[in-house]
Amino acid sequence: MQKLVIKGGHPLQGSVEAGGAKNAALPLMCASLLTSDEVVLRRIPALRDIRTTKQLLLQLGAQLDDFTPGMLRIKAREIADHTAPYELVKTMRASVMVLGPLLAREGKADVSLPGGCAIGARPIDQHLKGLAAMGAKIELDQGYIRARVKRLQGVDFTFDLVTVTGTENLILASALARGTTVLRNCAAEPEVVELAHVLNRMGAGVEGAGTDTVVIEGRESLGGAAHEIMPDRIEAGTYLMAGAITRGDVRVVGCESSHLNALLEKLDDAGLTVEADDDGVRVVSNGKIRSRNVETNPYPGFATDFQAQYMALMALGDSECGITENVFENRFMHAPELVRMGADIRISGRCARVIGVQTLSGAHVQATDLRASASLVLAGLAAEGITEIHRIYHLERGYERMPEKLSALGADIRRAKDDIV
Ligand code: UD1
């Protein structure tokens, strides 16, 4: 196993490019199962979750060509298997998004239940409820969801809560259903909009993505498409906060600033200078971090995927603030690790009280999930002394070449062999 060793205290300076968005790439890779034609995806990030999804697609019988870096050609001429096995689903919950396409195209899918997850129970009841409303018979058997249907039927379905992959799974399923599906209380994330856009290029009839009501006219079949994945807004925002916490000046090129509005408004309020243009976003520190409350919400609210990094930033704030996590239960596992680095954070249910301290100090800390890991990296970059982050495989699920990108901005960060497991 590997660890990250960071010597903190270097203000980050310069430009970094955002890679392709993991959370946009995953549903698009699953969308390729809806057609026997070729789907070509460009700007595919080199990440563990992408590799897991490739393995899953291969297992289901798709042919993949990924010889050109950043490009992935997928051709699911036929579906040879309809099982998403436990070994793959357990490492990546998003694999449940093969359920909709398999049911829509083949009328059968056996997908392992994702099981417990470090950031709360994360059930998939909404995915199943929607597919059942479309006529699927769903049984749970030996840890597997076994879903069967002759053909999915269009339906008017309202989600009980806003779920991103739930919305995506049902859009995928409806694309080949008989008749019209109306989905209400949908997630409006840019990744949902991108999925709808690509499906439409494949011949689907999806309207309203990006609002809370999405209407899908089911088709008999879909064709192929070629598409370049959108830049990763979460990665971009993480580097902007890395600049802010080190009192530096970081520009992320190639990102879409409108996708970052909630974060940028908050950073502006916290005393950072934010400059956005067509080609990216720059955040400049004047040395001071103002403590500002935040609460996470579905898009266009402040993303839960920024909460951990923002908490690291606020740990060095000039007074105190509250951080409320409305999307996930139990998404504060980074807090005790930040406390080990000298932060003053008190958790009560879904709320964290963060009392700013003058300095953080380097320590051994453990990454627990993807964004929590990023918050520890940010804290390490700003801390005095050496921080060693263990279990960095979480980070590699969602950040492409993060140590290299941070080094290019002036950070002192390296990978090393980890003897503590
Ligand atoms: C997606 C993102 C993840 C992000 C999250 C919230 C991908 C691959 N991942 O995850 O990075 O943190 O959105 O923005 O896009 N819920 C249920 N029942 C369901 C589904 C969800 O109760 O059937 C709950 C979850 O436990 C959670 C909330 O709804 O409390 C939101 O989860 P959801 O939007 O589904 O997250 P993901 O789609 O898994």
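The values are calculated or read from the model by the stated rules, or taken from the named source; none is laboratory data. Computed from a predicted model, the values in this text were never measured in an experiment. In this analysis, Cβ positions are derived from the backbone assuming ideal geometry, glycine residues included, and neighbour counts consider all displayed protein chains. These area figures cover heavy atoms from the full protein model, side chains too; ligands, DNA and RNA do not enter into them. Shrake-Rupley method; radii C 1.70, N 1.55, O 1.52, S 1.80 Å.
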Mind listing the long-range amide H neighbours of residue 418? Cut-off is under 5 Å, sequence gap 5 or more, other chains count too, H placed in the peptide plane at 1.01 Å from N.
2, 3
Mean separation of Cα pairs under 8 Å and 6+ residues apart, divided by the residue count of region 22-228: what relative contact order is that in percent?
21 percent
Relative contact order, percent, the chain [alpha-carbon distance under 8 Å, six or more residues apart]
21 percent
Taking placed amide H atoms and a strict 5 Å upper bound, the residues 5 or more places from residue 302 or on another chain that come that close are 297
What's the tally of Lys pairs in region 22-228 whose alpha-carbon atoms lie under 14 angstrom apart, where the two lysines are 8 or more places apart or on different chains?
6
The answer for residue 155, listing residues at least 5 apart or on another chain whose modeled amide H is closer than 5 Å to its amide H, is 181, 182
Pop out the ³J(HN,Hα) list for region 182-196 in order, Karplus 6.51 cos²θ - 1.76 cosθ + 1.60 with θ = phi - 60°, rounded to Hz; leave Gly and Pro as x.
10, 10, 10, 6, 7, 6, 10, 4, x, 5, 5, 5, 5, 4, 4
With a 1.4 angstrom probe the carbon and sulfur portion of accessible area for the chain, in percent, totals 46 percent
Mind pulling the angle between the C-alpha long axis of helix 164-174 and the longest principal axis of the chain? Nearest 10 degrees, somewhere in 0 to 90.
20 degrees
For region 22-228, what is the accessible area per residue in Å² when the probe is 1.4 Å?
39 Å²
If we count GluC sites (Glu not before Pro) as exposed when they sit in a DSSP loop and have at most 15 other beta carbons within 10 Å, what is the longest stretch of the chain that avoids them all?
79-219
Give the angle, between 0 and 90 degrees and rounded to the nearest 10, that separates the Cα long axis of helix 48-59 from the longest principal axis of the Cα atoms of the chain.
20 degrees
Antiparallel DSSP beta bridges within region 22-228, as percent of all bridges there, nearest 5:
70 percent
Mind checking the dipole of the chain: about its Cα centre, +1 per Lys or Arg Cβ, -1 per Asp or Glu Cβ, Debye to the nearest 20?
820 debye
Given 161, 198, 179, which one lies farthest toward the positive end of the charge dipole of region 159-203, if we put +1 on the Cβ of every Lys and Arg and -1 on the Cβ of every Asp and Glu?
179
Cα-only radius of gyration and Dmax that characterise region 22-228, units Å
15.2, 42
Using helices alone, I'd like the mean residue ellipticity at 222 nm for the chain: each DSSP H run of four-plus residues gives -39500 (n - 2.57), total over residue count, nearest 500.
-8500 deg cm²/dmol
Using θ = phi - 60° and the Karplus form 6.51 cos²θ - 1.76 cosθ + 1.60, what ³J(HN,Hα) does each residue of region 258-269 get, whole Hz, x for Gly and Pro?
5, 6, 10, 3, 4, 5, 5, 4, 5, 5, 4, 5
Quick one: Karplus J couplings for region 126-143, per residue in order, coefficients 6.51, -1.76, 1.60, θ = phi - 60°, nearest Hz, x for Gly and Pro?
5, 4, 5, 4, x, 5, 5, 4, 7, x, 6, 8, 10, 10, 9, 9, 6, x
What is the helix-to-structure angle for 370-382, meaning the angle in degrees between its Cα long axis and the longest Cα principal axis of the chain, kept from 0 to 90 and rounded to the nearest 10?
20 degrees
Both in Å, the radius of gyration and Dmax of the C-alpha trace of the chain are 21.4, 63
So what's the projected area for region 123-279, the Cα convex hull averaged over all directions, in nm²?
11.7 nm²
